[in-house]
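Undergrad: Could you have a look at this structure, given as structure tokens, before my questions?
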Amino acid sequence: MKIFYAIQATGNGHISRAAQLYPYLKKWGDVDFFLSGNNASLDIGLPVKFKSKGCSLHYSKCGGLDYWDIVKNIKPYQIYKDATALPLKNYDIVINDFDSITALACKIQKVESIQLGHQASFISELTPRPEKKNVFGEIIFKHYAPSSKNIGLHFQNYDTFIHPPIIKDCILEAEPKNLKHITVYLPSFDKDCLEKAFNKVTDVHFHWFLGDVKSKQTIGNITYFPVTQKDFNTSLINCEGIITGGGFETPAEALFLRKKILSIPIKNHYEQECNAEALKKLGVPVVYEVSKDFDLIIQNWLNNAIEMPIIKANNITTTLELLMETYHSKY
């Protein structure tokens, strides 16, 4: 088979998932990747044949989305041009991980696709939402990257087409330890938004992963790391807990490892608000605003004994077999 796999690079999670799936997909045929967006900081390590700036996220200084920057960087003509240039009819199957350009290309070229990923789970009304739904956010879920079929991934099986998270092999095979440090991954926060709070918690050592850090360095009770898979995986496997956003892949890995989680969803990011609701149902504490007493919030979080839930990991072979069955049943 010839397989086209579209990755939305508005975060590292989509790339991490694709990297985990790639060795399995290669057994089915030749895989070409399309990378859309430029927010990811991970080394791709995949055979990316097509690229587009697409629609990328832009953040405010301390944990929010900058919608003005997002809108002014969208180039409709370039998006249309990129969509028409994708040679989708040369492929036997198109897998889309929530990329709008590939969805548009499928519509223009009359090619069917399968959406595989976390965002696909929000097609179901049974997937957790905040008490007050965001109308614009719901429109994005349903119309940003529509596909003929959906295979969703989430913390729990909220609907028949939703499956457990895809967990990296190194996490699946790990023997977790507690070396007492706290791992921090909050790409929407600048360093000076949180540094003072971490410095106040003097008896805790933080492993802080930042996109603009070039090399590992320790200052006081903080070790700053560049964002690399190897260092992050090692830190997560051996941490006491993790402070992270309201994404999907990182909380899923932390839940699988039974690590404490403190979630800070990105402000005005509806998907992360929905994920936060799902995490709260699992007993994970969620903070919506980083205030001056954030150091006390961290201390309270660490001092409270929280029984972390057990979540299942995805069986990748079974999921890909389901994907192929879905493909053949549709076409």
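The values are calculated or read from the model by the stated rules, or taken from the named source; none is laboratory data. A quick note: this is a predicted structure, and the numbers were derived from the prediction, not measured. Glycine also receives a Cβ, built like all others from the backbone with ideal geometry; neighbour counts cover every protein chain displayed. The protein model used for the area step is the full one, side chains on, heavy atoms only, and it has no ligands, DNA or RNA in it. Shrake-Rupley method; radii C 1.70, N 1.55, O 1.52, S 1.80 Å.
Undergrad: Looking at the range 188-213, which of the residues that are open to solvent by 10 Å² or more (accessible area, probe 1.4 Å) and touching a Leu at 6+ places or on another chain (Cβ under 8 Å) is nearest to Asp295 (Cα to Cα)?
TA: Per the criteria, the residue is Val204.
Undergrad: Which residues, taken from the range 302-331, are aromatic (Phe, Trp, Tyr) and within 27 Å of Lys168 (Cα to Cα)?
TA: Within the range 302-331, just Tyr327 meets the criteria.
Undergrad: Please specify each residue of the range 9-38 satisfying the condition of being assigned to a helix (DSSP H, G or I), hydroxyl-bearing (Ser, Thr, Tyr) and either within 29 Å of Gln78 (Cβ to Cβ) or within 11 Å of the chain's Cα centre (by Cα) (or both).
TA: Selection gives Ser16, Tyr22.
Undergrad: Just to check your reading of the model, which residue among Ala83, Ala120, Ala40, Ala103 is modelled with pLDDT of 90 or more, touching a helix residue (DSSP H, G or I) at 6+ places or on another chain (Cβ under 7 Å) and within 22 Å of Ile15 (Cβ to Cβ)?
TA: Ala83
Undergrad: Quickly run through the range 314-330 and pick out the residues that are surrounded by fewer than 17 Cβ atoms within 10 Å (Cβ to Cβ) and either at pLDDT 80 or above or not in a loop (DSSP other than H, G, I, E, B) (or both).
TA: Thr317, Thr318, Glu321, Leu322, Met324, Glu325, His328, Ser329, Lys330
Undergrad: The conditions are (1) open to solvent by less than 20 Å² (accessible area, probe 1.4 Å); (2) more than 24 Å from Lys133 (Cβ to Cβ); (3) among the hydroxyl-bearing types (Ser, Thr, Tyr), and Thr234 fails exactly one of them. Which is it?
TA: The single condition Thr234 does not satisfy is (1).
Undergrad: Still on this structure, I have one more. Restricting the range 143-178 to residues that are open to solvent by less than 70 Å² (accessible area, probe 1.4 Å) and hydroxyl-bearing (Ser, Thr, Tyr), which is modelled with the highest pLDDT?
TA: The residue in question is Tyr158.
Undergrad: I would also like to ask the following. Are there any pairs, at least 6 apart or on different chains, whose C-beta atoms fall under 6 Å, with the first in the range 182-211 and under 13 Å from Thr223 (Cα atoms) and the second part of a loop (DSSP other than H, G, I, E, B) and hydrophobic (A, V, I, L, M, F, W, C), and if so, which?
TA: Close Cβ pairs (under 6 Å, with a partner that is part of a loop (DSSP other than H, G, I, E, B) and hydrophobic (A, V, I, L, M, F, W, C)) amount to Ile182/Val204; Thr183/Cys239; Phe209/Val227.
Undergrad: Can you tell me which condition Val184 does not meet? The list is (1) open to solvent by less than 70 Å² (accessible area, probe 1.4 Å); (2) at pLDDT below 95; (3) of a type outside the set (S, T, N, Q), and all the others hold.
TA: Just one mismatch for Val184, condition (2).
Undergrad: Conditions first: (1) at pLDDT 95 or above; (2) surrounded by 21 or more Cβ atoms within 10 Å (Cβ to Cβ). Ile266 passes all but one, so which condition is the exception?
TA: The number of the failed condition is (1).
Undergrad: To continue, here is another question. What number goes with the only condition from (1) touching a strand residue (DSSP E or B) at 6+ places or on another chain (Cβ under 7 Å); (2) acidic (Asp, Glu); (3) not in a helix (DSSP H, G or I) that Asp231 does not pass?
TA: Looking at each condition in turn, Asp231 falls short on (3).
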